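What follows is a short report on a single structure.
The values are calculated or read from the model by the stated rules, or taken from the named source; none is laboratory data. Just so we're clear, the structure is a prediction, and the values are computed from it rather than from any experiment. Here the Cβ positions follow ideal geometry from the backbone for every residue, glycine too, while neighbour counts run over all protein chains shown.
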């Protein structure tokens, strides 16, 4: 709840978050965007919504009609409907003038209501599943006191495996989870295989976040200016030093040398006699051949399979691709 309240507060006070630009049915262009004031518009709509009795269903079309009748220029200084360059996504047509209020200003109100739903502030209702929402109700606001990060305790635990797997309790500090996740990939399958009665089943642990450290995740972290030693420091600190030696070595080696081993999927040409490979290397097909693995095996460059097969045929050799 604290995280959600923080997100709502950040959205409500943001001057950069512009709902109008996020509406999927329109495209906003031009210099007028620099003068647009999404915070002023958001505060106006929030004031309107706050005046609605909570837990009571309201018709979205009726809500839009009321705003159009009483406050049509709620986001337009001096009622400017001509200098805003807004195109319809479907066909690129410019939507200028008050005639397109429903497709621009009305669409913004619908998107605003959808945002309230995403943020847990409103419920939506539609005539049937998959249809556009036609009604909404404002949910009672649940206030939550912000925690003091200087004195907060860390519930739950972090378990680190030698293969780079990191399990973090969902009750652990959000800030620490975020910091660690920047170095890792998220295992979204959230389960493990167990054997019972001769059958395999997946056991999920809904109270844990599961990550793993990989060469790719460390490379992405490095691109953001992060170092593997920073991850190691975090793990040592929040596991009370219970970091497997193998992972400690791997993180230190990464900072020093980067990726030192690589697993690749390669296409390999194998022949029965070394003479065939020598003949291929002397032919025009040599440019499609990569690293030689043995006297009778060579890597085929990506996308060159058909060209190598054709070259073998020209040499009077029938070949096949094993699947």
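So which of 132, 128 ends up being surrounded by fewer than 14 Cβ atoms within 10 Å (Cβ to Cβ), more than 30 Å from residue 251 (Cα to Cα) and modelled with pLDDT of 90 or more?
Just a single option satisfies the conditions, and that option is 132.
With a cut-off of at least 3 residues that are at pLDDT below 80, name the strands (runs of 3 or more DSSP E) lying wholly within segment 167-238.
Working: elements: 191-196, 199-204, 208-212.
Because the criterion is at least 3 residues that are at pLDDT below 80, the strands (runs of 3 or more DSSP E) in segment 167-238 that meet it are 191-196, 199-204.
Kindly indicate the residue of segment 43-58 that is out of contact with any helix residue (DSSP H, G or I) (no Cβ under 9 Å at 6 or more places or on another chain) and not in a loop (DSSP other than H, G, I, E, B) and also nearest to residue 127 (Cα to Cα) among those meeting that condition.
58
How many of the residues making up segment 19-38 are within 26 Å of the chain's Cα centre (by Cα) and surrounded by 15 or more Cβ atoms within 10 Å (Cβ to Cβ)?
The number of residues fulfilling the criteria is 7.
Quick check: is even one residue across segment 85-101 assigned by TED's automatic domain parsing to the domain that holds residue 125, farther than 25 Å from residue 126 by Cα, in contact (Cβ under 8 Å) with a residue 24 or more places away in the chain and in a helix (DSSP H, G or I)?
Scanning segment 85-101, I find at least one residue that is assigned by TED's automatic domain parsing to the domain that holds residue 125, farther than 25 Å from residue 126 by Cα, in contact (Cβ under 8 Å) with a residue 24 or more places away in the chain and in a helix (DSSP H, G or I), so the answer is yes.
Going through segment 7-27 one residue at a time, which ones are part of a helix (DSSP H, G or I) and either out of contact with any helix residue (DSSP H, G or I) (no Cβ under 6 Å at 6 or more places or on another chain) or not assigned by TED's automatic domain parsing to the domain that holds residue 43 (or both)?
Correct list: 7, 8, 9, 10, 11, 12, 13, 21, 22.
Among the listed residues 291, 260, 275, identify the single one that is surrounded by fewer than 16 Cβ atoms within 10 Å (Cβ to Cβ), farther than 30 Å from residue 171 by Cβ and modelled with pLDDT under 80.
On the way: 291 fails: modelled with pLDDT under 80; 275 fails: modelled with pLDDT under 80.
Matching residue, one of 291, 260, 275: 260.
So which residues in segment 143-163 are in a loop (DSSP other than H, G, I, E, B) and either modelled with pLDDT of 85 or more or surrounded by 10 or more Cβ atoms within 10 Å (Cβ to Cβ) (or both)?
Residues satisfying the conditions are 144, 147, 152, 154, 155, 156, 157, 161, 162, 163.
Considering only residues that are part of a helix (DSSP H, G or I) and without any contact (Cβ under 8 Å) to a residue 24 or more places away in the chain, which ones fall in segment 113-128?
Listed by number, the residues that qualify are 114, 117, 118.
How do the pairs read when you match residues in segment 39-62 that are over 15 Å from residue 139 (Cβ atoms) with residues anywhere that are assigned to a helix (DSSP H, G or I) and modelled with pLDDT of 90 or more, using Cβ under 6 Å and keeping only pairs 6 or more apart or on different chains?
45/112
So, in segment 1-55, exactly how many residues are closer than 16 Å to residue 108 by Cα and at pLDDT below 85?
2
Considering (1) surrounded by 15 or more Cβ atoms within 10 Å (Cβ to Cβ); (2) within 23 Å of residue 18 (Cα to Cα), say which one residue 58 fails and leave the rest.
With (1) surrounded by 15 or more Cβ atoms within 10 Å (Cβ to Cβ); (2) within 23 Å of residue 18 (Cα to Cα) applied to residue 58, the lone miss is (2).
Among the residues of segment 278-303, write down those that are more than 11 Å from residue 315 (Cβ to Cβ), touching a strand residue (DSSP E or B) at 6+ places or on another chain (Cβ under 7 Å) and in a helix (DSSP H, G or I).
281, 288
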